[in-house]
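Here is the structure we will look at, set down as structure tokens.
The values are calculated or read from the model by the stated rules, or taken from the named source; none is laboratory data. Here the structure is a predicted model, which is why all the values come from computation and not from measurement. No Cβ is skipped: glycine too gets one built from the backbone with ideal geometry, and neighbour counts run over all protein chains shown. The accessibility values were calculated without ligands, DNA or RNA, using every heavy atom of the protein model including side chains. Shrake-Rupley method; radii C 1.70, N 1.55, O 1.52, S 1.80 Å.
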Amino acid sequence: MPKKFIKRILPDHQSVRDQKALKVFGKLLHDANLWHLNRKSACGAFGVGLFFAFWPVPFQMWLAAALAIPLRVNLPVSVATVWITNPFTMPPIFYGAYKVGTFIIGTPASKFEFEPTWEWVVNSMGTIGPAFLLGCLVCGTVFGLAGYFGLNTLWRFSVKKAWQQRRISRMKGQTLS
């Protein structure tokens, strides 16, 4: 089930390879392992994508692709998983990461109002920045590992269930003849 579902929602490898943003990787994108979909490559790619989804940078897809290539995990899955953080989900996810960071550091959460300016970003790095960045690193690591092991478990369960269904249908076919 996970393989069929993932194949259905992913774009074909040629359209991903033709993306302007990924052209920086050049001939590295021609490795067949980056496009092969199996348990190992999908789980690794899901973990990589979740890890970078929590990084508060505008080039998360490049980072996910840059790590997917040497790890030889599925490139489209890793790049697509990064989009868990999108303009609608970023505020609650990053605020949660900030709260995790304040909990780890042991400081109270500061009250702040977000302003979409570069000046606000620079000024806030001294106040909320350390807790926010630590929270992003911890959440990225935890969710990346949870995504890897969670998808691995789901994939194994799905394969086991398919084998059981196949065995049951064979047994039914033998009793009828």
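Couple of notes before you dig in:
- Scanning the stretch 47-70 for residues that are in a helix (DSSP H, G or I) and surrounded by 24 or more Cβ atoms within 10 Å (Cβ to Cβ) turns up Gly47, Val48, Gly49, Leu50, Phe51, Phe52, Ala53, Ala64, Ala65, Ala68.
- Scope the stretch 72-96; condition farther than 29 Å from Arg39 by Cα and surrounded by 13 or more Cβ atoms within 10 Å (Cβ to Cβ); matching residues: Phe94, Tyr95, Gly96
- Residue in the stretch 101-121 that is modelled with pLDDT under 90, under 14 Å from Pro56 (Cβ atoms) and either open to solvent by less than 80 Å² (accessible area, probe 1.4 Å) or in contact with a Pro (Cβ under 6 Å, 6 or more places away or on another chain) (or both) present: yes
- The set of residues from the stretch 104-117 being without any contact (Cβ under 8 Å) to a residue 24 or more places away in the chain and under 27 Å from the mean Cα position of the chain (by Cα) comprises Phe114, Pro116.
- Of all residues in the stretch 122-152, those satisfying the criterion of being among the polar types (S, T, N, Q) and open to solvent by 70 Å² or more (accessible area, probe 1.4 Å) are Asn123, Thr127.
- Of all residues in the stretch 119-177 being in contact (Cβ under 8 Å) with a residue 24 or more places away in the chain and among the polar types (S, T, N, Q), the one that is nearest to Ala97 (Cα to Cα): Thr141
- Hits in the stretch 53-108 - residues which are among the small types (Gly, Ala, Ser) and over 23 Å from Ala42 (Cα atoms): Gly96, Ala97, Gly101, Gly106
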